[in-house]
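J.: Dumping the structure here so I can ask a few things about it.
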Amino acid sequence: MNIITTSGLSKNYGAVKALDSIDLSLESGEPIALIGPNGSGKTTFFSLLCGFIHPSAGSATILGHKVGSNALAGKLAALPQDAHLDPRFSVKRQLQLLARLQGFGGRAASQEVDRVLDIVLLSDAGVKKPGELSHGMRKRVSIAQSLIGNPELILLDEPTAGIDPPNVKIIRDLIRSQSAKTTFMISSHNLDELEKLCSTVVYLSEGKLIESGLIETSSEDGYLTLRLPSVPEDEFVRECSKLTGVLRVQRQAQGDYLIQQTEGHAVDQALLAMLAKNGWRYRHLIKGRSLEERLYG
Amino acid sequence: MSVINIALNEWARLFLSGRGWAAIITFSLIWLIFLNYAIAPAASYVSSADFSFIVQLLFGSFEQTAFTNWKSAEIALYWIFSLYLLPFFTMISAADQIASDRARGTMRFLVLRTSRTNIFIGRFVGQYLIQLLIILVTIATVLGLVAYKSPEKLPVALSEAPVVIVNLALVLLSYVALMALVSVLVKSARQATMLAIVGWILSWFLIGYVQNNFGPFPVLDWVLPGSQLSTLVRLGSWDTLSLAPIPIAQTVILLGLGWFAIRRCDL
């Protein structure tokens, strides 16, 4: 089922084209990554889908309904960037109002809020006001509000930005656990994180759609990515280049090596044998290039 | 259902927050002073020469003021002061219908669950009900005072109270609608109050200029919220309802403008 469809979707701020004629069709299912450099239009795209802002041209439908339609209430949820709960009231009180607006009765609203706070591991935080919580906890509370009523689509705008590793793990785990019943679309600069979570990528740059498709399919393209913790670089490159089928070996960031194979050759077995022979331990071997390398390499 | 939930939440925003209680306590103190020093001695000084001089100064003619139209001096004083005091309080207390939630981004959590129209109308209804509560509580204190000081005058005061309540309810209607519109346009309650007051004063000057140079256009006399107050203050009994169409029409227009603004604005 088409979960998001856009046609010529554009947004201008004065003379600046924040989003330029986006034509897109995305299916429900596995999480979708929305990536692009700063100012590429990711937040604008999310804001348009949520109906926070109005398009300058074009249109978008979500789950077959026009954006902003009342029919989407409870089906579409979001973690908007820079949106905060009212600092004057407890988390639970505010989430209960949101649940009631989604049609939950008094007791049911309370139970639903308990459920979503439990998912984000913040059962005890309901009585607190947002100002009493850490940044990571506030982010998880905002994610909790998006889970109310099990919506069909959740848009998460930078869910892990500025979050410490333990909170990142909690957020990643909850996205994984909820993915069976909800389609997530996640905007982030953390490509490693997105690669772990998402199967589809939408890549924006300067307000334009550059690419949209499956991460796995497009990544298995004659490359191997190998991560070695502490191996003499020159020696490894020399040994690796000798292997039949290896076209080029290139050192990347984080100790990764990008190995380009000639067409029709699979060098992974030979590579592993060479590593064993030299007594070099490897951390991981990935078929294809990393998302970061593919997009920005 | 959403409108009711949003409206009820306005009451929570008043009664369950420190800022709400600060407003309640401030208003209560002002009201107690007013009750003690203005309304309580009303019967004795309304007939004095000094008082008629002050009223003449404020309203032009003593004979044309509320005092000749109301049998209860306390109700008459409440009528005059609340007609001018309560709208001012409304411009402060009803200023944050949309503004801070929009600036903070909280509005985004709401619009994913209900329409902008429901939020706008719900907030307006909630704030208006709060203003009605203020009217009822303040007039109850006046009636309590009458019952305590001069029980024999209570039936008269009770018979006149409904006229005052209905008229004040109509007067405040357009002020709450004005603040609903203004709070969509700015980012804080303080800005909303400032814009409402400055906008009202500038509009008043502009209307005067247009009337003097290009007028008269009778309709312009009734454009601003409260424009009927100087006429209303001189009326008594149910004759006052002859001016009711003015705040109702103003409310419809202001809410229409606010509804248009909130539908078009970015959140």
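The values are calculated or read from the model by the stated rules, or taken from the named source; none is laboratory data. No experiment lies behind these values; they were computed from the predicted model shown. Backbone-built Cβ (ideal geometry, glycine too); neighbour counts: all protein chains shown.
J.: From the set of residues in segment B:9-33 that are under 20 Å from A:K129 (Cα atoms) and among the aliphatic types (A, V, I, L, M), which is surrounded by the fewest Cβ atoms within 10 Å (Cβ to Cβ)?
T.: Selected residue: B:A22.
J.: Could you grab me the full set of residues in segment A:268-282 that are more than 30 Å from A:I210 (Cβ to Cβ) and not polar (S, T, N, Q)?
T.: Passing the criteria: A:A270, A:L271, A:L272, A:A273, A:M274, A:L275, A:A276, A:K277, A:G279, A:W280, A:R281, A:Y282.
J.: So which of A:L133, A:L155 ends up being crowded, with 19+ Cβ neighbours inside 10 Å and either under 21 Å from A:A180 (Cβ atoms) or among the hydrophobic types (A, V, I, L, M, F, W, C) (or both)?
T.: Just a single option satisfies the conditions, and that option is A:L155.
J.: Report yes if some residue within segment B:114-125 is on the phi < 0 side of the Ramachandran plot, at the interface with another protein chain (Cβ under 10 Å from one of its Cβ atoms) and not in a helix (DSSP H, G or I); otherwise report no.
T.: Scanning segment B:114-125, I find at least one residue that is on the phi < 0 side of the Ramachandran plot, at the interface with another protein chain (Cβ under 10 Å from one of its Cβ atoms) and not in a helix (DSSP H, G or I), so the answer is yes.
J.: Does A:R176 meet the test of being within 20 Å of the chain's Cα centre (by Cα) and among the basic types (K, R)?
T.: So A:R176 passes the test.
J.: Those residues that are modelled with pLDDT under 80 and either under 18 Å from the mean Cα position of the chain (by Cα) or within 14 Å of chain A (Cβ to nearest Cβ) (or both), I need them from segment B:19-49; list them, please.
T.: B:R19
J.: Mind counting the residues in segment A:75-103 that are at the interface with chain B (Cβ under 7 Å from one of its Cβ atoms) and not hydrophobic (A, V, I, L, M, F, W, C)?
T.: Going through segment A:75-103 one residue at a time, the tally reaches 7.
J.: For segment A:157-187, how many residues meet the condition of being touching a helix residue (DSSP H, G or I) at 6+ places or on another chain (Cβ under 9 Å) and over 16 Å from A:H135 (Cβ atoms)?
T.: Residues in segment A:157-187 being touching a helix residue (DSSP H, G or I) at 6+ places or on another chain (Cβ under 9 Å) and over 16 Å from A:H135 (Cβ atoms): 12 in total.
J.: Can you tell me which residues in segment B:93-112 are among the charged types (D, E, K, R) and in contact with a Pro (Cβ under 9 Å, 6 or more places away or on another chain)?
T.: B:R104, B:R108
J.: Hey, among B:I139, B:I98, B:I92, which residue is of a type outside the set (D, E, K, R) and within 14 Å of chain A (Cβ to nearest Cβ)?
T.: Among B:I139, B:I98, B:I92, only B:I98 is of a type outside the set (D, E, K, R) and within 14 Å of chain A (Cβ to nearest Cβ).
J.: Something else about it: If you go through segment A:122-129 one residue at a time, do you hit one that is basic (K, R), assigned to a helix (DSSP H, G or I), more than 26 Å from A:T44 (Cβ to Cβ) and in contact (Cβ under 8 Å) with a residue 12 or more places away in the chain?
T.: No, that holds for no residue.
J.: Looking at segment A:160-201, which of the residues that are small (G, A, S) and at pLDDT below 90 is nearest to A:R289 (Cα to Cα)?
T.: That would be A:S199.
J.: Further question: Sort out for me the strands (runs of 3 or more DSSP E) sitting completely within segment A:222-297 that have 3 or more residues that are in contact with a strand residue (DSSP E or B) (Cβ under 7 Å, 6 or more places away or on another chain) and free of Cβ contacts under 8 Å to residues at least 24 places away in the same chain.
T.: A:246-251
J.: Pick out, from segment B:139-233, the helices (runs of 4 or more DSSP H) lying fully within it that include 3 or more residues that are at pLDDT 90 or above.
T.: Because the criterion is at least 3 residues that are at pLDDT 90 or above, the helices (runs of 4 or more DSSP H) in segment B:139-233 that meet it are B:154-185, B:189-214.
J.: Could you tell me which residue of segment A:104-121 is surrounded by the most Cβ atoms within 10 Å (Cβ to Cβ), considering only residues that are more than 23 Å from the chain's Cα centre (by Cα) and away from every other protein chain (no Cβ under 12 Å)?
T.: A:V113
J.: Could you grab me the full set of residues in segment A:173-198 that are over 21 Å from A:G149 (Cβ atoms) and crowded, with 16+ Cβ neighbours inside 10 Å?
T.: Those that are over 21 Å from A:G149 (Cβ atoms) and crowded, with 16+ Cβ neighbours inside 10 Å: A:S187, A:S188, A:N190, A:L191, A:E193, A:L194, A:E195, A:L197, A:C198.
J.: Look through B:I248, B:I197, B:I262 and report the one residue that is surrounded by 17 or more Cβ atoms within 10 Å (Cβ to Cβ), touching a residue at least 24 places away in the same chain (Cβ under 8 Å) and more than 21 Å from B:T138 (Cβ to Cβ).
T.: B:I262
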